[in-house]
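Working notes, beginning with the structure itself.
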Amino acid sequence: PSAALALLCGSAAAVVVWKWLGKRQIQKKMEEARRTRDEGVKKMAKAVQQWREQVPSAQTDTILSLPLLELTKRLREGSLSPKTVLYTYLEKALEVTQQTNCLRHFIPECEEQLQSIQRQSEKGLLYGIPVSIKDHIGHKGHLSTCGLVQCLDTLMQEDSVLVKVLKKQGAIPFAMTNVPQSLFNYDCSNPIFGQTLNPFNHQKSPGGSSGGEGALIAGGGSILGIGSDIGGSIRLPSSFCGLCGLKPTAERLSIWCPYLLNVGVCSHPTPVPCALGPMARDVDSLALCMKALVCQEMFRLDPTVPPIPFDEEAYSSSAPLRVGYYDTDGYFPLPPCMRRAVQETREALQAAGHELVPFSPPRIHYVMNELFLKTFFADGGRAWLDVFTGGIVDPGLKAQVNCCKIPKLVKKLLALILKPLQSLHLLKLETIATISTCRSVKEMWDHQHQIAVYRSEFIAQWMELRLDAVLCPVLGPAFTTRYPGKLLTAVSSTMLYNVLNFPAGVVPVSTVTEADEEELKLYQGFCDDPWDQTLKQAVAGAVGLPVAVQCVALPWREELCLRLMKEVETLRREK
């Protein structure tokens, strides 16, 4: 017995030591990643300082104030040099990331790209434009971390297709921006690089998962960025940070990146696909970016992308639009200021000669509780849990991770007990996530068929009303940090159009007023339950922060979506 006890104690001690060593190794990896980032920032700061000494009279404020279209014009005609513009934005990006922690890494090869474009015989549509890209968009020689420890070992061996096309069009990728861990959060925090802050209010989140892009562009440190969106990850940061952002139809732009496809991180095949898209300060910038990207070079590099060039005629048309509208989807009531934004925008569009038609998305509870969640938690969340190496989980994700860790038998019991509540729409989404699993291959195929059926139903309703586009709300204003992880439920306004795979964009139209803040005190949601109260807490203290609306079009009609966004933006500026 004493020998057995000694063996047992020895084994237990060995397990403890093994786990400690594993965690220590993970900590070393994270420390090394942070050290590499900090060294890169120092090198870039030194390079900017040297440039400043060489060109002390550079009119950086003027350059930073130029809209993208005007900046491209001056670069192409030669009145501004690409080097001056690049270092102006590098300098500003250093300032913004010191305040908000928005950058994951500078791209030192931007100097090589600067030299390369000056040797090109033809100037591309984005000639000399510094562009920031989201962390997981592959750039040769750099990590694509997704905020995960397991992605800290392998550098990209080649550029992603999108980066190659940007470079072909003369753009200069200069920075990679921070993201939430695993990208499955609309806050922007991970255990490796920390929390990114909203540049307008450091108590608030910039949104996510393209939150680093949102903070950098809103702070003035980038004029054009590329994000990704699978539940609102372009549109929510755009809403929180007062930017314009477009989620295209998923296949309109290439998402091809060999490393991420090989390791399977953030790239599992799904009937609700991920889309890459632009983020900027105005709608014309989004249109120019889309025009530059949907080109022969992209169609050549990725034959799976439909060869559909940008429809300038649809974007530039002045014909009146027939626009459907709603100010609530009936699933999660948004704060009063977001509904006000839709109502005021509807009135402005009507006054400008457009036809506005009431529209109600069908069966939104079914979309959220069944279609969307079964897509991502078909296996009970096991694949998602696998990415959290060593159990390192960001605080903003712990609630969802803990739900997914509930044993299978307990989940089945919960499904049986809680089914009546689900039919009454009283069940918290995070709880549904633990029980909405596909229990067989047949059930998975049926689920994908149900998504296709719902898309057909939605399109039929759209066509019956003869709509060109839809105006609707988007979640906002900016949440206090850490709150997004408590309210996955609240993103139904954006998730719907990922399930449908419709192009959708966000444009700011107003700011939170004192009257909005007073009205928020009376907000009760549907039931004045803990989640409604949590939303009140999340958005409180937002006076002066941006308020946005969402514009939607049918698949492959990005230009029409941008057209409505441009109309909204123009009316806002006139007001």
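The values are calculated or read from the model by the stated rules, or taken from the named source; none is laboratory data. Note that the structure is predicted; figures quoted are calculated from it, not measured. Don't worry about glycine lacking a Cβ; one is built from the backbone with ideal geometry, like all the others, and counts go over all protein chains shown. Note: accessible area is taken over every heavy atom of the protein model, side chains too, but ligands, DNA and RNA are not part of it. Shrake-Rupley method; radii C 1.70, N 1.55, O 1.52, S 1.80 Å.
Every listed requirement among (1) free of Cβ contacts under 8 Å to residues at least 40 places away in the same chain; (2) touching a strand residue (DSSP E or B) at 6+ places or on another chain (Cβ under 6 Å) is met by residue 77 save one, (2). Tallying residues that are more than 18 Å from the chain's Cα centre (by Cα), outside any loop (DSSP other than H, G, I, E, B) and more than 17 Å from residue 286 (Cα to Cα) within the range 542-575 yields 4. Taking the criterion of being closer than 17 Å to residue 218 by Cβ and surrounded by fewer than 21 Cβ atoms within 10 Å (Cβ to Cβ), the residues of the range 97-127 that qualify are 98, 99, 101. For the range 481-535, a tally of residues being more than 13 Å from residue 232 (Cβ to Cβ), assigned to a strand (DSSP E or B) and hydrophobic (A, V, I, L, M, F, W, C) returns 2.
The criterion of at least 1 residues that are modelled with pLDDT of 95 or more, closer than 27 Å to residue 65 by Cβ and not β-branched (Val, Ile, Thr) is met, among strands (runs of 3 or more DSSP E) falling completely within the range 241-338, by 244-247, 275-280. Just one of the listed residues (37, 74, 24) is touching a Lys or Arg at 6+ places or on another chain (Cβ under 7 Å) and either outside the structural domain of residue 118 (by the TED database) or closer than 26 Å to residue 166 by Cα (or both), namely 37. A count restricted to the range 382-407 and to residues that are within 15 Å of residue 147 (Cα to Cα), of a type outside the set (D, E, K, R), in a helix (DSSP H, G or I) and open to solvent by 20 Å² or more (accessible area, probe 1.4 Å) stands at 6.
The residues of the range 155-168 that are open to solvent by 10 Å² or more (accessible area, probe 1.4 Å) and under 24 Å from residue 102 (Cβ atoms), listed by number, are 155, 159, 167.
One residue stands out among those in the range 455-486 that are of a type in the set (Ser, Thr, Tyr) and either in the same structural domain as residue 412 (by the TED database) or in contact with a helix residue (DSSP H, G or I) (Cβ under 6 Å, 6 or more places away or on another chain) (or both): the one that is surrounded by the most Cβ atoms within 10 Å (Cβ to Cβ), which is 483. Screening residue 514 on (1) in contact with a helix residue (DSSP H, G or I) (Cβ under 9 Å, 6 or more places away or on another chain); (2) surrounded by fewer than 24 Cβ atoms within 10 Å (Cβ to Cβ); (3) at pLDDT 95 or above; (4) within 22 Å of residue 241 (Cβ to Cβ) shows it passes everything except condition (1). Scanning the range 532-542 for residues that are assigned by the TED database to the domain that holds residue 568, within 24 Å of residue 486 (Cα to Cα), modelled with pLDDT under 95 and open to solvent by 40 Å² or more (accessible area, probe 1.4 Å) turns up at least one hit. Selection of the range 517-541 for residues being touching a residue at least 40 places away in the same chain (Cβ under 8 Å) and either touching a Lys or Arg at 6+ places or on another chain (Cβ under 7 Å) or polar (S, T, N, Q) (or both) yields 520, 523, 531, 534, 537.
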